[in-house]
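Colleague: Have a look at the structure that comes next, please.
Just so it is clear, none of the values below were taken in a lab; they were calculated from the coordinates. Fair warning: this is a prediction, and the values are worked out from it, not measured in the lab. When we count neighbours, we look across all protein chains shown, and the Cβ atoms used for this are built from the backbone with ideal geometry, even at glycine.
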Ligand code: DOR
């Protein structure tokens, strides 16, 4: 057999565990795994001493196109993805126009085709205007399903009351991805903050001080807990599975654990909620640490780490939410919430594994097999014969994040100068070399993700 590509002698992270072996690729797919010493191939890559992983599936990114391309666009967002070992992204609907109807979804899919180095799918946002159409919207090709903002963030997408949320959950079958913060509570606390009457969040270990570290006081832990409680009750009532995005509080862990005795709930964690905490991260990063839901105190961060260790989370999403340095340079609270992260997801999580929070195998599982299963992704997420050749070759060493490595249009990262683990050398998307360290990017490699679901 003639292969298009053979990667030789890498430590290959197979679904059964790591093994030093060879991987052969033809017509965009993995066609053989085993000894290929004598195989003929158009391209042979020596993987000795390197690790070959299934490409990361990042289930939450904001690439800002259309409408906010000064922050990011589909091309630059995907360049950042493949440079960090991510081969598939699910992009969020809070663009302008909002992705809330078939036309807006079709527009994004058109824009993505031939302009994204990574594979792509686009969430459809639930909004008061499309509540009756959600069951059909979630069946459209190119979407992983419906996303709900119970608490508003960048843009105007919002479903804040229980009656509307009940309608969302009653209309359709796929898991619904939810940003869970309580909008009425956030609104009241924002107003109180403006008036100087805000009661600080008692779960934080530092006071209000007029800077970005006030953000978790304003969007407090109780807002997330309350919203998640409302959501889980409605999930139980309607029988619809929910997927809770970017968990940020200790309180929600216990709450979800108790509901999990009766209903299926999946939960996402971001690398940043495991990494950053306390007044100290705001002292260091200022408004660059501001996101929704916020990074909170160590108490919450440590509970998230403990839950992570115990296998509580189903997937890892970066919530890549770029804003320009100029926008972030305003004074809090006039600053937008969100930080980039698609390029650093894998190396941050591998650093956690290196430090012993988890294992390398578990990071690989959570970033490939697990999202593929959760969303019913067709032929991706497993490094096995028959799957698309979405692969990343990494050098298993520490490296320091420097500005010239970053590919996001926004040009910054909260991890600048941090030491992360696993230097991405080459990323293949559907067998095409989409990224090579220090080399060119192929922005045409990405394909629309297909789903198998009933
Ligand atoms: O901080 C955030 N920024 N959280 C979100 O949920 C949205 C995001 C954005 O789009 O900027």
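Colleague: Along the Cα-to-C-beta direction of residue 2, a point sits 7 Å from the Cα; which residues of the stretch 33-47 have their amide N less than 16 Å from that point?
Modeller: 39-44
Colleague: I've got another one for you. Please list 249-257, 285-293, 327-335 highest first by mean number of surrounding beta-carbon atoms within 10 Å per residue.
Modeller: Working: 249-257: 19.8, 285-293: 23.3, 327-335: 14.7.
My ranking of the peptides, most packed first, is 285-293, 249-257, 327-335.
Colleague: For residue 230 paired with residue 170, estimate the spin-label separation in nm (one decimal), with each label point 7 Å from Cα along the Cα-to-Cβ line.
Modeller: Reported label-point gap for residue 230 and residue 170 is 1.7 nm.
Colleague: If you count, for each residue, the other Cβ atoms within 10 Å and average over each peptide, how do 92-98, 339-345 line up from highest to lowest?
Modeller: Values: 92-98: 20.9, 339-345: 28.9.
Highest mean packing first, the order is 339-345, 92-98.
Colleague: Compute the helix-to-body angle for 250-259: its Cα long axis versus the longest principal axis of the chain, expressed 0 to 90° and rounded to tens.
Modeller: Between helix and principal axis, roughly 80 degrees.
Colleague: Still on this structure: How far is it, in nm, from the label point at residue 258 to the one at residue 39 when both lie 7 Å from their Cα along the line to the Cβ?
Modeller: Result for the modelled spin labels: 5.3 nm.
Colleague: Moving on. Between the helical axis of 221-238 and the dominant principal axis of the chain, each derived from Cα atoms, what acute angle in degrees is found, rounded to the nearest 10?
Modeller: 70
Colleague: Normalised by the number of residues in the stretch 9-55, what is the relative contact order in percent for Cα pairs under 8 Å and 6+ residues apart?
Modeller: 46
Colleague: State, as an integer percentage, the relative contact order of the stretch 43-185 based on alpha-carbon contacts under 8 Å between residues 6 or more apart. Display every interim value, and only then the final one.
Modeller: Details: 256 pairs, mean separation 27.4, N = 143.
Rounded, it is 19 percent for the stretch 43-185.
Colleague: Counting helices only, and only those DSSP H runs with n ≥ 4, report the 222 nm mean residue ellipticity of the chain as the sum of -39,500 (n - 2.57) divided by its residues, in deg cm²/dmol to the nearest 500.
Modeller: Working: 15 runs with 133 residues, N = 454.
That comes out to -8000 deg cm²/dmol.
Colleague: Sort 108-116, 129-137 by the packing proxy (mean of other Cβ within 10 Å over each peptide's residues), most packed first. Don't jump to the answer; show the numbers that get you there.
Modeller: On the way: 108-116: 18.3, 129-137: 15.8.
Final packing ranking: 108-116, 129-137.
Colleague: Find the relative contact order for the chain and round it to a whole percent, using C-alpha pairs within less than 8 Å whose residues are 6+ positions apart.
Modeller: Working: 1107 pairs, mean separation 97.5, N = 454.
The normalised contact order for the chain reaches 21 percent.
Colleague: What is the helix-to-structure angle for 74-83, meaning the angle in degrees between its Cα long axis and the longest Cα principal axis of the chain, kept from 0 to 90 and rounded to the nearest 10?
Modeller: 60
Colleague: Could you give the distance between the Cα centres of the stretch 63-134 and the stretch 315-332, to the whole Å?
Modeller: Using only Cα atoms to place each centre, the spacing works out to 17 Å.
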